[in-house]
Amino acid sequence: NDMSTCAKKVRLVLAEKELEWTGHHLSLRQGDQHKPDYLKLHPGGVVPTLIHDGAVVRESTIINEYLDDAFPETPLRPKSAVARWRMRLLTKQLDEGVHAATGVVSSCTAFRFQYAHYSPEELQAHIDNIPDPARRETRRQIFEHGLDAPVFAPAIRRFDVLFGDLEDALAGGDWLAGNEFSLADIAYTPYLTRFDHLQYLGMLDRRPRLMGWYDRIRARPSYEVALTKWFNDKYIPLMEEKGAEAWPKVREILGSG
């Protein structure tokens, strides 16, 4: 998918390694990821899935490690054991709540408006097609309550903690695991980009190291190849508009306004 944070992570690795690949775009709004043929590849019904040499490789964090193993010519893991530990500790967080919080923030702020033309029956069918019960309930709350959904404020606060942790991590070098660009930097690039598109980078006002890191990330050639040229002009204006409207609510949640 063009705008999926997880798909962006994998495209960044492919771009850094200058690998050729064939893509099959899935429309998440139309529910392509929940169709039987795709669920045979990924029963969780999320993107992306990598097929390489007959192996079906799932989950973006693991896909990226797989690619680094399979194509080691441009290594994306640090040399030292300590730096690799830092990298893994950071990427582990994504799969332990950060990614889910991103979906909440994005959908409560903007993406729920993409379903405004759905009938109540169509909306319910969309929710019912989500395989995971917890994700179904979260999506229901988002559609019903938007920024007032019980899940929104905790998701914003989770990112406030995360951005503080990343600011601290950058005290040790230009990149998140130290002085070497790594899978950790790739992993967090789509999330900072998402907050940028949502007009929420005010959360970095007190985090100059993280803002400097984001500037360095965007200057890498891979950013243009893997992200910029994939930006969907139907998504970004909506994110910018609804994010600007929601920013006062975010500031209130963070206790700064």
Carbon/sulfur accessible area of the chain, % of total, 1.4 Å probe, equals 52
Segment 78-153 accessible area per residue, 1.4 Å probe, protein heavy atoms, integer Å², reads 54
Find, among the trypsin sites (Lys or Arg not before Pro) in segment 33-137, those assigned to loop by DSSP (not H, G, I, E, B) with at most 12 other beta-carbon atoms within 10 angstrom.
LYS79
Computed on Cα atoms, Rg of the chain relative to 2.2 N^0.38 Å comes out at 1.00
Within 10 Å of each candidate Cβ there may be at most 12 other Cβ atoms; applying that plus a DSSP loop requirement, which trypsin sites (Lys or Arg not before Pro) in segment 176-257 survive?
ARG206, LYS234
For segment 58-174, the percent of all C-alpha pairs falling in each 10 Å bin, from 0 up to the bin holding the max distance, is 11, 32, 28, 20, 8, 1
What percent do you get for the relative contact order of the chain when only Cα pairs under 8 Å and 6+ apart count?
25
Residues in segment 1-24 near a label at LYS35, defined as backbone nitrogen under 20 Å from the 7 Å Cα→Cβ point?
1-4, 7, 22-24
Counting as exposed only GluC sites (Glu not before Pro) in DSSP loop states with no more than 11 other Cβ atoms inside 10 Å, the longest exposed-site-free span of the chain is 74-257
Under a 1.4 Å probe, what is the accessible area of segment 13-56 per residue, stated in Å²?
63
Within a Gaussian network of the chain (alpha carbon springs, distance under 10 Å), most fluctuating of PRO120, PRO208, PRO221
PRO120
So between HIS52 and GLU240, what do we pick up on full extension, going 0.36 nm a residue minus the alpha carbon distance?
64.0 nm
Per 0.36 nm of contour for each residue apart, how much would the distance between GLU252 and LYS92 grow if the chain were fully extended, relative to their Cα-Cα spacing?
54.7 nm
Which distance in Å, rounded to a whole number, links the C-alpha centroids of segment 152-196 and segment 205-221?
10
What pairs in LYS9/LYS92; LYS17/LYS234; LYS9/LYS229 have C-alpha atoms more than 18 Å from each other?
LYS17/LYS234
Once the Cβ-Cβ distance between ARG140 and VAL225 is put in as r, and R0 is 45 Å, what FRET efficiency do you end up with, to the nearest 0.05?
0.75
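The values are calculated or read from the model by the stated rules, or taken from the named source; none is laboratory data. Quantities reported herein were computed from a predicted structural model and do not represent experimental measurements. Reconstructed Cβ throughout: ideal geometry from the backbone, glycine too, with neighbour counts over all protein chains shown. To get the accessible areas, we keep the full protein, side chains included, count just its heavy atoms, and leave off ligands, DNA and RNA. Shrake-Rupley method; radii C 1.70, N 1.55, O 1.52, S 1.80 Å.
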